[in-house]
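Input: a single structure, listed below in structure tokens.
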Amino acid sequence: NPSSKLCSIVDPILEIIYPIAIYRIKANLRTRTTSIEESDYHVDFTDFGNNQEKLKQWTTSIFYMNTNNGYTKFEDGSKVESVANRLITFTSDMKHLGTSCTDENKRVVINFNYFSKYSL
């Protein structure tokens, strides 16, 4: 439904990232836990297997819906804190993980997996 609330959230982000092709847009919600729980490292594209060249051609963006003490962590150890309205972008071959939070009822992010005009 083009007039849904979700479109009012996603459309401005699509105008920023300017995808040529969208593989997937997915919201992730993790509820509060007593201690921070990390998922396993992963890439969002499973169709490409471990083909690093194909993965590098695609882009992943994460939009943080709310501020909390959860984070996104990359294999090199760098972390991006969950801050409302923050958008991070990286090549889809970068393994990352997400976490739960302990200070809010939930942690919500929207993942965008797409081919960008900037990848050309």
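The values are calculated or read from the model by the stated rules, or taken from the named source; none is laboratory data. No experiment lies behind these values; they were computed from the predicted model shown. Reconstructed Cβ throughout: ideal geometry from the backbone, glycine too, with neighbour counts over all protein chains shown. Ligands, DNA and RNA are excluded from the accessible area calculation, which covers all protein heavy atoms including side chains. Shrake-Rupley method; radii C 1.70, N 1.55, O 1.52, S 1.80 Å.
Residues in segment 52-108 that are among the small types (Gly, Ala, Ser), part of a strand (DSSP E or B) and closer than 22 Å to Tyr18 by Cβ: 1 in all.
Residues in segment 60-92 that are among the hydroxyl-bearing types (Ser, Thr, Tyr) and at pLDDT 95 or above: Thr60, Ser61, Tyr64, Thr67, Tyr71, Thr72, Ser78, Ser82, Thr89.
Close contacts from segment 35-48, counting a first residue that is part of a strand (DSSP E or B) and open to solvent by less than 90 Å² (accessible area, probe 1.4 Å) and a second that is modelled with pLDDT of 95 or more and not basic (Lys, Arg), with Cβ to Cβ under 8 Å and a gap of 6+ residues or different chains, come to Glu38/Leu97; Glu38/Gly98; Glu38/Thr99; His42/His96; His42/Leu97. Does Ile22 meet the test of being open to solvent by 70 Å² or more (accessible area, probe 1.4 Å), in a strand (DSSP E or B), aliphatic (A, V, I, L, M) and over 20 Å from Tyr71 (Cα atoms)? Answer is yes for this residue.
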